[in-house]
Every structure is written in structure tokens, then in C-alpha cells.
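Reviewing the structure listed below.
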Amino acid sequence: MAVQRTFSIIKPDATKRNLTGAITAKLEEAGLRVVASKRIRLTLEQAQTFYAVHKDRPFFGELTEYMTSEPIVVQVLEGEDAIAKNREVMGATNPAEAAEGTIRKEFALSIGENSVHGSDGPDTAKEEIAYFFSGLEIVG
Ligand code: UDP
């Protein structure tokens with residue numbers, strides 16, 4: 001498997017509880033390198049654009065409000081098979097179903113407030129990275 005890049009968010013529930021370092025450590029321990037990182041606060045419009053794929057789901061309003069409720073940390077992660085590796089270390093969307101040792105098992109509060117986002121495939125990784133970062137901000 002080739003070296004890939006993926007996009008990650010440390011979500012509001014985690015930044016609020018000072019878990020940025022602990023979550024980044026888990027990502028790094030999994031072999032992912034942080035090649036770009038910044039702390040930002042999303043506007044409602046940005047959150048709605050980012051999660052547009054979920055716009056017809058019942059949780060869309062709650063999700064986009066939550067994503068704007070506190071700062072987030074957006075990151076680009078690089079490594080062998082980075083997209084799948086990140087999904088693995090994140091754990092299942094619902095922390096009650098997340099495997100032992102995963103970020104969501106350890107830190108997530110609920111299915112909504114689940115501490116991290118990670119791209120689900122190569123196309124979304126590319127789109128999501130480009131939405132938040134310019135090429136100059138990514139240093140591999
Ligand atoms: N989400 C939610 N309720 C649900 C399903 C999802 O609030 O029933 C939120 C949750 O924060 C999740 C995000 O919407 O991380 C995106 O959902 P997706 O199914 O893409 O899960 P992920 O890829 O983040 O595991």
C-alpha cells in the first residue's frame with residue numbers, strides 16, 4: 001500500500017476537554033504523521049458545507065450546531081494506508097460499538113460527540129484537505 005494523506009478533525013467535545021494532545025498522540029502511535037495542523041472555529045455555513053452529504057439526515061441540525069460550538073483542530077495525516085489506518089484508530093462512529101484502544105472508545109461521549117472525524121476514502125480525503133488547507137500549509 002502506498003503512502004497516502006487523509007484529513008482529520010479533533011472535534012469540539014475533545015478540544016473542550018483538552019484532549020488535542022492525547023488524541024494526536026494516538027494518531028502518531030498508529031504510525032500517522034501530522035503534516036499540517038491548525039485550530040479554527042467553523043461558521044455554521046462552513047459546517048453545513050462540510051457535512052452536506054448528511055443534509056437530509058435527522059441529526060444534521062444538531063451535528064452542524066455542535067461542530068460550531070467550540071474550536072476544532074483540523075489536520076492532514078500522512079502514512080502508509082493512512083485513510084484506513086486512521087479509520088481504524090478512530091473506532092466505530094458509535095463509541096458503544098468502538099473497539100478497545102480506539103480514540104472513540106477511550107474519549108467519545110456519544111454517537112454525535114464522538115471526538116474525531118476522518119475521511120472515509122481517497123476522493124473525500126482529497127476534497128476535505130483542499131477545503132481546509134492550501135498546498136503551502138502541508139509540509140510532508
Ligand atoms: N452522527 C450523529 N448521529 C448519527 C450518525 C452520525 O450525530 O446517528 C454524527 C457523528 O458526529 C458522526 C458524523 O455525524 O461522526 C458523521 O457521520 P458518519 O456516518 O459519516 O460517521 P463517521 O464517518 O464520522 O464515523
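Karplus-derived 3J(HN,Hα) values for segment 80-88, using 6.51 cos²θ - 1.76 cosθ + 1.60 with θ = phi - 60°, are 4, 6, 4, 5, 5, 4, 5, 4, 5 Hz; glycine and proline are entered as x. Among VAL74, VAL116, VAL35, which one shows the biggest mean-square fluctuation in a GNM of the chain, springs joining Cα atoms closer than 10 Å? Among VAL74, VAL116, VAL35, the largest mean-square fluctuation in the Gaussian network model of the chain belongs to VAL35.
Placing unit charges on the Cβ atoms of the charged side chains and taking the dipole of the chain about its Cα centre, the candidate lying farthest along the positive direction among ALA98, LEU19, ALA125 is LEU19.
In a DSSP loop and with at most 16 other Cβ atoms within 10 Å, the GluC sites (Glu not before Pro) in segment 66-140 are GLU100. Spatially, segment 1-27 and segment 50-83 are offset by 12 Å when compared through their Cα centroids.
Measuring r between the beta carbons of ILE40 and ASP123 and using R0 = 30 Å, the FRET efficiency lands at 0.85. Quick one: compute the contact order of the chain, relative version, from alpha carbon pairs under 8 angstrom and 6+ residues apart, as a percent. The normalised contact order for the chain reaches 37 percent. Shown here for segment 41-97: trypsin sites (Lys or Arg not before Pro) in loop regions (DSSP other than H, G, I, E, B) with at most 13 other Cβ atoms within 10 Å, namely ARG41, LYS55. Counting only DSSP H runs of at least 4 residues, each contributing -39500 (n - 2.57), and dividing by the residue count of the chain, the helix-based mean residue ellipticity at 222 nm comes to -10500 deg cm²/dmol.
Within the chain, all pairs of alpha-carbon atoms sorted by distance into 10 Å bins from zero give the percentages 13, 45, 37, 5.
None of the figures in this text is laboratory data; all of them are computed from the coordinates on show. Owing to the predicted nature of the structure, the values given are computational and were not obtained by experimental measurement. Here the Cβ is made from the backbone with ideal geometry for all residues, glycine too, and neighbour counts use every protein chain on show.
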